1. If the cut-off is 21 Å between C-alpha atoms, which lysines fall inside it for Lys162, apart from same-chain ones fewer than 8 positions away?
2. Explain nothing, just the number: dipole magnitude of region 3-116 about its Cα centre with +1 on each Lys and Arg Cβ and -1 on each Asp and Glu Cβ, in debye rounded to the nearest 20.
3. Roughly to the nearest percent, how much of the accessible area of the chain is carbon and sulfur, given a 1.4 Å probe?
4. If one takes the longest principal axis of the Cα atoms in the chain, at what angle in degrees, from 0 to 90 and to the nearest 10, does the Cα axis of helix 167-181 lie?
5. I'd like the Karplus ³J(HN,Hα) series for region 314-320: coefficients 6.51, -1.76, 1.60, θ = phi - 60°, whole numbers in Hz, and an x wherever there's a Gly or Pro.
6. Could you work out how much longer the chain between Ile152 and Leu286 gets when fully extended? Use 0.36 nm per residue separation minus the Cα distance between them, nm to one decimal.
7. For n ≥ 4 DSSP H runs only, could you compute -39500 (n - 2.57) per run for the chain, divide by its residues and tell me the 222 nm figure to the nearest 500?
8. Excluding ligands, DNA and RNA, what is the solvent-accessible area per residue of region 3-116 at a probe of 1.4 Å, expressed in Å²?
Amino acid sequence: MKIVDLRLGMLRAPLRTPFKTALRTVNAVEDLVVMLHADDGRIGYGSAPATAVITGDTHGSMREAIARYIAPRVIGQDIADLRHLLGGIQGAIERNGNAKAAVEIAVHDLWAQHYDAPLYRLLGGGTPVIRTDLTISVDTIETMVADALTAIDRGFDALKIKLGKDIDVDIERVRAIHDAVGDRASLRLDANQGWSAKEAVRALHALENAGVRLDLVEQPVKAHDIDGLRYVTERVATPVMADESVFGPREALALIQRRAADIINIKLTKSGGLSNALRIADLAALHGVECMIGCMLESSIGVAAAAHLAVARADVITRVDLDAPSLCVDDPVDGGTRFDASTITLSDAPGLGIRRIHGLEAL
Ligand SMILES: C[C@H](N)C(=O)N[C@@H](CCC(=O)O)C(=O)O
Ligand SMILES: [Mg+2]
């Protein structure tokens, strides 16, 4: 099966409520969608959002990277030559992880369709049902407590609390949510780089001493501050997870060797797609380090690919933060993966199983 064309589209999906972190506020998912057309009429779908303040990618940079650099490495290639195709995508241009992720996802979708199997089976198999946490945006204490209780009513039993604005209010935010939620949900904190290392240790000690048990704390310090990350990891009982500090396998290996964090958050946009995400999973497994699979504020196309990876690599991906579709009003994608509040169910349709995308604007 040969790839004969690559087309792009834009997909917009409004959120139920604004998504607020220490880094940005988002009102709607806006993904660049990649459609790879094969000579037998099949289409492979991939997507990624713009995450300028996290990865540096914008919709404009993604379009340029794909149209000018990546597409020529893909069009005309045989889908069965997967390794060659992925090498071409990764070598086409430096960085531009979101663009590479969108194309790699489409390639994997088409590749699995070619072998008439759901993607997760070809990546390693597993049980095609996983459960995600839900993100609670950083806001006033009252709003965050109300959002946490609503999430529990929706069936979520793990909450990821966004912090990183003001350390003393952050401590109060977590204590208030913990008091309201009790043992009905496990709590994960994500400061999105908003604290200094010393502030993080102070906040976590305050919470630990108050009897607040946390599943993990994610990216407490600046992305480049690996010494700071290790400083926190060495001093707190709560497991520390690296997110913005680890994009690809090289950073993962360096972080593991320096013992700078306990857990690694893998995201397809950061790693530039599934090939490097699998390498991170392998490195982590080799060193006995657990991973979370995460997502950006993005559509269910990219999140479905991440879910297939999570199912196939459940040996090392022990936590799931794939809540973006559950934060949207509707899912514009028909077929394939079902996102039903906390439960994510993969279908046994070939590839990602996507049948149709509503409201897709052709570019
Ligand atoms: C959506 C997911 N739960 C999440 O929080 N992802 C990121 C931020 C996503 C974004 O800004 O688009 C994270 O920091 O973990
Ligand atoms: Mg994070």
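The values are calculated or read from the model by the stated rules, or taken from the named source; none is laboratory data. Computed from a predicted structure; not experimentally measured. A quick note on method: Cβ atoms are made from the backbone with ideal geometry, for glycine too, and the neighbour counts reach across all protein chains shown. Side chains included, ligands, DNA and RNA excluded: accessible areas come from the protein's heavy atoms. Shrake-Rupley method; radii C 1.70, N 1.55, O 1.52, S 1.80 Å.
1. Within reach: Lys20, Lys198, Lys222, Lys267, Lys270.
2. Values: 12 positive and 13 negative charges, 122 e Å.
Here the size comes out at about 580 debye.
3. Numbers: 6590 of 14140 Å².
C and S fraction of accessible area: 47 percent.
4. 80 degrees
5. 5, 4, 10, 8, 9, 9, 10
6. Numbers: separation 134, 0.36 × 134 = 48.24 nm, distance 3.55 nm.
Additional length available on full extension: 44.7 nm.
7. On the way: 14 runs with 137 residues, N = 363.
After summing the helix terms and dividing by the residues of the chain, the value is -11000 deg cm²/dmol.
8. Values: 4650 Å² over 114 residues.
Result: 41 Å² of accessible area for each residue.
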